[in-house]
Amino acid sequence: MSPARAGIRQHLALVVLTSAITSWAILFPETLNQWELRFIQLAQQARGTRPSPSGVTVVAIDNFSLNQAEQADLSDQTELHQLQQWPWPREIYGLVLNRLFRAGAKAVAVDLLLDSPSLHGRQDDAALAAQLQQHHGQVVLGAQIRESSGGAGGLSLIDPSEDLMQGPNSISLGLLNGFADADGMIRQRPSDYSRSLETTFGETLPDSLATSLLDKANVALPQPKLDTAWRALLDPYGPPGSIATYPIWDVLDQQRYGELRDSGALNDQLVLIGPTATVLQ
């Protein structure tokens, strides 16, 4: 076979293969998407883990803390006696914020949506609001975008309860939303979600909780490339536990808190308070 005819055959085979892949992708887009997501996951696993940042700490509302709270009536700390049932009184988060900053935390983000009045009364919201005002320059509360259930596709911004926002100082907010892929995992950066809705909400839309927390610490982020269709994906540090994590009970219990404070582990840290307990997921 002449080189020319061999080249034609190779070219034809390539065209047929490309057409077959294109047709298959059109007919079965979901399968192609799953393969793409699996490839991304394998590529990140093959790369291996990365060292986690030393300036970030998670304070987790975890299974251990909830179990301890169920026995809180046995504690000699009267402020913990109300923790036997979820949701906890909001004044407890004020206590946690105050202790975190006393231990040297640089800024704190609360990964909870406190959008309705406290079940424990307005005085409970007022207690947390007082701490938020005291630490307004270092705290970020969670907000969320919700889609209407009427089928109209309307979006609304859900802010924290008005009672929590009372006071002369504005309280910073951060969106809890993110783009979830078909397998339920979030791979796009949280800031991509808020950026996609800028034309809908304008300047009233908060940035992501993570970006707002970094802003509080004056950490500059690279600007996104607006002239490309490519999205920068999250680059995981490793398995759960790679970032320093402490049960919120270590902050609530006086003795454990004293040990944590004296260790210096929270000094100059960006702290994220959020639920990790199985029942809260």
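The values are calculated or read from the model by the stated rules, or taken from the named source; none is laboratory data. The structure presented is a predicted model; accordingly, all values stated were derived computationally and were not measured. Neighbour counts are summed over all protein chains in view; Cβ atoms, including those assigned to glycine, are modelled from backbone coordinates with ideal geometry. Quick note on the areas: whole protein, heavy atoms, side chains included, nothing else; ligands and nucleic acids left out. Shrake-Rupley method; radii C 1.70, N 1.55, O 1.52, S 1.80 Å.
What the table shows:
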{"item": "Residue in segment 50-77 that is nearest to LEU100 (Cα to Cα), counting only those that are open to solvent by 40 Å² or more (accessible area, probe 1.4 Å), outside any helix (DSSP H, G or I) and not aliphatic (A, V, I, L, M)", "result": "SER54"}
{"item": "Verdict on ASP62 being closer than 16 Å to ARG256 by Cβ and touching a Pro at 6+ places or on another chain (Cβ under 6 Å)", "result": "yes"}
{"item": "Subset of segment 263-281 [in contact with a strand residue (DSSP E or B) (Cβ under 8 Å, 6 or more places away or on another chain), in contact (Cβ under 8 Å) with a residue 60 or more places away in the chain and open to solvent by 60 Å² or more (accessible area, probe 1.4 Å)]", "result": "THR276"}
{"item": "Extreme residue, nearest to GLN68 (Cα to Cα), among residues of segment 247-262 that are assigned to a helix (DSSP H, G or I) and open to solvent by less than 80 Å² (accessible area, probe 1.4 Å)", "result": "TRP249"}
{"item": "Boolean, GLY154 is at pLDDT below 95, farther than 18 Å from PRO236 by Cα and touching a Ser or Thr at 6+ places or on another chain (Cβ under 8 Å)", "result": "yes"}
{"item": "Of all residues in segment 78-120 being open to solvent by less than 30 Å² (accessible area, probe 1.4 Å) and at pLDDT below 95, the one that is nearest to VAL279 (Cα to Cα)", "result": "LEU83"}
{"item": "Residues located in segment 233-246, provided they are touching a Pro at 6+ places or on another chain (Cβ under 9 Å) and surrounded by 13 or more Cβ atoms within 10 Å (Cβ to Cβ)", "result": "LEU234, TYR237, SER242, ILE243"}
